[in-house]
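What follows is calculated from the coordinates using simple rules that are stated; it is not laboratory data. Values in this document were obtained by computation on a predicted structure and should not be read as measured data. Heads up, the Cβs are rebuilt from the backbone with ideal geometry, glycines too, and the neighbour counts pull from every protein chain shown.
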Amino acid sequence: MKSDARKSDAKRTKGETLLEIRDLKISGQSDDVWHEIVKGVDLTLKRGEVLGLIGESGAGKSTIGLAAMGFARPGCKITGGSIIFDGKDLRKASEEERRALRGSRIAYVAQSAAASFNPAHRIIDQTVETAVGHDVLDRGKAEADAKDLYTRLKLPNPATIGSRYPHQVSGGQLQRAMTAMAMSCRPDLIIFDEPTTALDVTTQVDVLAAMRDIVEQFNTAAIYITHDLAVVAQMAHRIMVLRHGKLIEEAPTREMLKSPKEAYTKTLWAVRSLAMPERTGKDVVLRVHDVDATYGGIVKVLENVTVQVPRGRTVAVVGESGSGKSTLARVITGLLPPRKGEVYFNGKPLPRALKDRDKDTLRRIQMIYQSADTALNPRQRVRDVIGRPLEFYLGLKGQERDRKVVELLEQIELSEDLIDRLPGELSGGQKQRICIARALAADPELIICDEVTSALDQIVQEGILKLLLKLQKETNVSYLFITHDIATVRAIADEIVVMYQGRVVQQGLKTEVLSPPHPPYTELLLSSVPEMDPDWLTRLLEKRQAKGKVSA
Amino acid sequence: MHPLLRTVLQRLGLGLITLFVVSLIIFSAIEFLPGDFAKAILGQAATPETVEAFQKEIGLDKPPVERYLNWIGGILQGDFGSSFSSRVGFRRTVLDIIAPRLWNTLFLAGITALVAVPLALGLGLMAALYRNSFFDRAINAATLTTISFPEFFVAYILMLFLAVQLRWFPSLSNVSADMPFFERLERSALPVLTLTLVIVAHMMRMTRAAIIGLLASPYIEMARLKGVSPGQVILRHALPNAWAPIANVVAFNLAYLVVGAVVVEVVFVYPGIGQAMVDAVRSRDIPVVQACALIFAVTYILLNLLADIISIATNPRLLHPR
């Protein structure tokens with residue numbers, strides 16, 4: 001059946017034109033100045049075709065996706081070009097005419113379903129809102145149809161899940177419910193805007209499969225926006241690579257994957273090509289021994305966890321959200337004293353609670369967080385952000401302190417001109433580098449990196465990972481690297497710890513963990529990582545169906 | 001037990017504790033006031049004997065703790081004690097003095113709330129819907145103007161134009177208990193209007209700000225991308241998530257209608273509880289002052305409790321736990 005769908009690729013790309021965007025120009029406002037953020041993009045979409053838009057943040061993907069609905073976010077305006085949807089120019093249409101199309105003929109699926117569902121209304125009320133509001137169906141029929149869509153999208157308890165509120169269901173389920181919401185009027189076109197980016201890989205597989213399936217069932221055209229080439233390869237018939245608001249390259253999916261032409265397109269593979277050979281280590285810096293941890297004394301989030309980090313090495317902790325990765329970090333740093341077990345540092349047990357640890361112990365363990373945006377005080381200049389630990393831990397003051405700040409900036413490969421910048425005046429990658437410098441300033445023996453590259457673009461990620469490796473070589477610092485991204489693990493880990501529901505399910509050297517045979521959960525996790533092969537998802541689903549899915 | 005019910009009971013318990021503390025403060029604050037009330041009331045001509053007799057009559061000779069317990073015990077049974085203006089054979093209970101006044105004040109506050117709250121919410125929603133338009137700016141400027149003038153000034157201006165020149169409404173609002181409803185309403189018109197002008201700005205601006213603060217949320221963008229009309233975006237998608245801050249400001253202003261209306265009452269000679277308290281302070285009628293203070297505290301606590309309950313009840317995370 002799947003191969004039939006593939007055969008129809010040719011038919012789809014030759015069908016009737018549904019959307020035609022010509023020379024689209026969009027300006028965005030920042031600090032009262034208008035900048036052109038989309039610089040003359042052409043885009044053609046046939047009925048039933050799925051087009052992938054790919055590029056890093058700031059490439060203008062979402063902006064173009066929204067423009068296909070005749071919509072510009074506040075602070076943006078469409079300044080030129082035409083957007084012809086089914087013969088009608090959306091730029092010339094009145095707001096009322098555009099509103100009539102939105103939801104009914106062009107629908108949108110947003111990145112974060114948790115934020116895009118209104119917390120005040122039940123899921124079913126929001127699912128049927130479009131169909132009822134646009135007078136497509138009456139309330140009763142719309143509800144019956146919504147339940148049918150829930151079933152098709154393989155949501156659990158499709159008859160009753162709609163009566164729940166958004167916060168009562170999981171992220172993956174919400175994302176599927178949002179797809180049902182988009183489908184409620186059987187639109188001609190759906191814009192998928194990074195719909196699986198916020199999901200775990202294991203959840204992503206199911207959501208991707210459900211979305212691909214339903215788009216095929218109703219022969220809906222779609223624009224699939226993502227920064228992940230491997231994901232878009234599963235979904236799209238054709239791919240457009242964008243950068244800085246311009247088209248870089250466009251080709252049918254298979255062709256694009258087999259032979260990308262532009263140098264920029266090739267860099268989108270960047271992190272995946274980075275693979276450091278593993279090293280073993282004998283001298284143990286940190287040993288977490290048989291730790292249990294609970295929140296509020298009731299919910300057990302860690303159970304019998306034992307983890308070792310050798311000096312000068314990187315131990316990656318992988319697992320989906322809720323597996324206890326970040327809780328482990330909280331236990332090590334003393335933010336959450338364990339219920340049972342000990343944390344040994346350089347062979348000596350650490351006081352359980354943060355407040356009982358002396359300054360020198362605190363200095364030796366530092367942390368870097370996922371979101372540099374929230375981890376930096378927006379009103380502190382780089383000089384103070386990095387200077388503060390120098391003063392606090394090492395007692396450096398005045399010129400001595402400034403000299404060391406400049407030295408650290410050099411170490412993280414940033415210009416010393418940035419020393420008086422505020423975080424808001426730095427790029428995402430620069431901010432994360434500042435966070436690294438702040439951790440480094442304390443001259444630590446262990447740095448806990450909590451998803452430090454997850455929020456960054458591929459190419460920036462690569463830079464950060466290389467920097468971390470370089471710093472490790474220079475200072476012999478150890479990393480406990482928490483991540484859900486297997487590509488990152490391949491790139492920098494020496495050892496891997498796989499966690500699932502608060503337990504360690506496997507640990508060992510990188511090659512051991514990554515090569516079969518795997519324990520069931522590791523197998524599920526590793527097999528869920530999308531590969532640069534347009535048939536990957538199809539094959540995976542067939543294989544899982546044959547075997548019966550691992551009971552996760 | 002349902003978590004909502006549990007929270008409500010918790011808040012109610014906290015309210016009672018607050019009330020107890022407030023009653024202690026009220027009682028002791030008056031206890032610490034300098035001077036002897038009996039002497040002050042009897043005046044210069046008082047002999048030690050008459051002072052003692054008077055103190056005995058009104059119970060001032062007993063120790064403070066006993067008096068506090070008597071006072072609180074009485075209130076719990078609905079007896080607020082006797083006014084100091086009572087004489088042998090002619091007992092005036094505090095309740096007799098306060099009850100009709102409290103009813104008048106609640107009437108005035110109730111009518112004002114019925115006018116002002118919907119008006120403020122409506123204007124706030126419209127201002128949010130047409131934000132930065134001429135309408136938005138005009139309504140903001142107008143409400144800011146009315147709140148910027150002292151209340152008595154607004155009151156006299158209204159009296160000058162609407163009562164003296166146009167003769168639409170009576171200038172004095174001396175309502176009485178046996179007055180028919182509509183006459184009472186007509187007499188109260190000017191104080192209602194004055195108080196409305198005083199409180200509308202605050203509530204309207206909060207409504208506008210609470211709604212606009214939500215308009216950047218992803219779910220609002222989602223609603224727009226679903227083709228929901230601008231009015232429905234505000235009413236169906238923003239407002240249900242904005243009740244908590246709005247309810248708090250409304251509660252604060254309603255409490256003000258009961259507690260702070262004294263200036264307006266004086267200007268329009270409206271026989272409300274504010275005036276009763278001022279009179280009692282002047283004549284050192286301590287039981288009446290205490291009762292008024294306690295009623296004001298209850299008003300604040302109850303209205304804030306109500307606002308808290310509304311905040312909780314409109315938050316589905318609390319109302320429908322996982």
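Couple of notes before you dig in:
- Mean shadow area of the stretch A:2-273 over all directions, Cα convex hull, nm²: 15.0
- Applying the criteria of a DSSP loop state and at most 11 other Cβ atoms within 10 Å to the trypsin sites (Lys or Arg not before Pro) of the stretch A:281-365 yields A:K282.
- With Cα atoms defining each centre, the stretch A:59-136 and the stretch A:516-536 are spaced 35 Å apart in the structure.
- Karplus 3J(HN,Hα) series, Hz, for the stretch B:19-28 with 6.51 cos²θ - 1.76 cosθ + 1.60 (x for Gly, Pro): 4, 4, 4, 4, 4, 4, 5, 4, 5, 6
- Relative packing of peptides B:16-22, A:166-172 - highest average C-beta neighbours within 10 Å first: A:166-172, B:16-22
- For A:A222, residues with placed amide H under 5 Å, excluding near neighbours: A:E49, A:V50, A:L51, A:I190
- Backbone HN-Hα couplings from phi across the stretch A:369-380 [Karplus 6.51/-1.76/1.60, Hz, Gly and Pro as x]: 9, 5, 9, 4, 4, 8, 7, 9, 6, x, 9, 9
- Charge dipole of chain B about the Cα centre (unit charges at C-beta), most positive-ward option of B:F161, B:Q290, B:M206: B:M206
- Exposure proxy for B:T196, A:T44, A:T226, A:T151: other Cβ atoms within 10 Å of each Cβ, ordered fewest to most, give A:T151, A:T44, B:T196, A:T226.
- The alpha carbon gyration tensor of the stretch A:188-339 gives principal lengths a ≥ b ≥ c with a/c of 1.5 or higher and a/b no greater than b/c, which makes the shape oblate.
- CD proxy at 222 nm, helix term only [per DSSP H run n ≥ 4: -39500 (n - 2.57); per residue of chain A; nearest 500]: -11000 deg cm²/dmol
- Taking amide H as placed 1.01 Å from N in the peptide plane, the amide H of B:F84 sits under 5 Å from that of B:I286, B:V288, each at least 5 places away or on another chain.
- Exposure proxy ranking for B:W103, B:W168, B:W243, based on other Cβ atoms within 10 angstrom of each Cβ and starting from the fewest, stands as B:W168, B:W103, B:W243.
- Considering only beta bridges that DSSP places wholly inside the protein assembly as shown, some 55 percent are antiparallel.
- Shape analysis of the stretch A:335-462 places it in the oblate category; the axes a ≥ b ≥ c from the Cα gyration tensor give an a/c of at least 1.5, with a/b not above b/c.
- Exposure proxy ranking, count of Cβ atoms within 10 Å, fewest first, for A:S184, A:S371: A:S371, A:S184
- Chain B shape via C-alpha gyration tensor axes, a/c threshold 1.5: oblate
- Taking the Cα centre of chain B as reference, the dipole from Cβ charges on Lys and Arg (+1) and Asp and Glu (-1) amounts to some 1240 debye.
- Only helices enter this figure: runs of n ≥ 4 DSSP H residues, each worth -39500 (n - 2.57), summed and divided by the residues of chain B, yield -23500 deg cm²/dmol at 222 nm to the nearest 500.
- Using only side-chain charges placed at the Cβ, +1 for Lys and Arg and -1 for Asp and Glu, the dipole size of the stretch A:387-543 relative to its Cα centre rounds to 300 debye.
- Charge-dipole axis of chain A as Lys and Arg at +1 and Asp and Glu at -1 on Cβ define it, positive-most pick from A:A487, A:P351, A:S116: A:P351
- Contact order relative to length of the stretch B:125-211, as percent, for alpha carbon pairs under 8 angstrom and 6 or more apart: 38
- Inter-chain Cβ neighbour count for A:118-128, averaged per residue, equals 4 (cutoff 10 Å, partner chain atoms only).
- Span from the the stretch B:176-228 Cα centroid across to the the stretch A:353-397 one, whole angstrom: 48
- The tail of the calculated P(r) for the stretch B:144-288, taken as Cα-Cα distances beyond 24 Å, holds 50 percent of the pairs.
- Taking θ as phi - 60° and the Karplus parameters 6.51, -1.76 and 1.60, the scalar couplings of the stretch A:523-540 work out to 4, 4, 5, 5, 6, 7, 6, x, 10, 6, 8, x, 9, 4, 5, 4, 5, 4 Hz in sequence order, x denoting glycine and proline.
- For A:V317, distant residues with modelled amide H under 5 Å away: A:F481, A:I482, A:T483, A:V497
- Measuring nothing but how far apart in sequence close Cα pairs (under 8 Å, 6+ apart) lie, relative to its length, the stretch A:2-273 scores a relative contact order of 25 percent.
- Using C-alpha pairs under 8 Å with a sequence gap of at least 6, the mean separation divided by the residue count of the stretch B:3-92 gives a relative contact order of 13 percent.
- Neighbouring Cβ atoms from other chains, within 10 Å of the Cβ of residues in B:240-251, number 1 on average.
- Quotient of Cα Rg and 2.2 N^0.38 Å for the protein assembly as shown, N being how many residues it contains: 1.21
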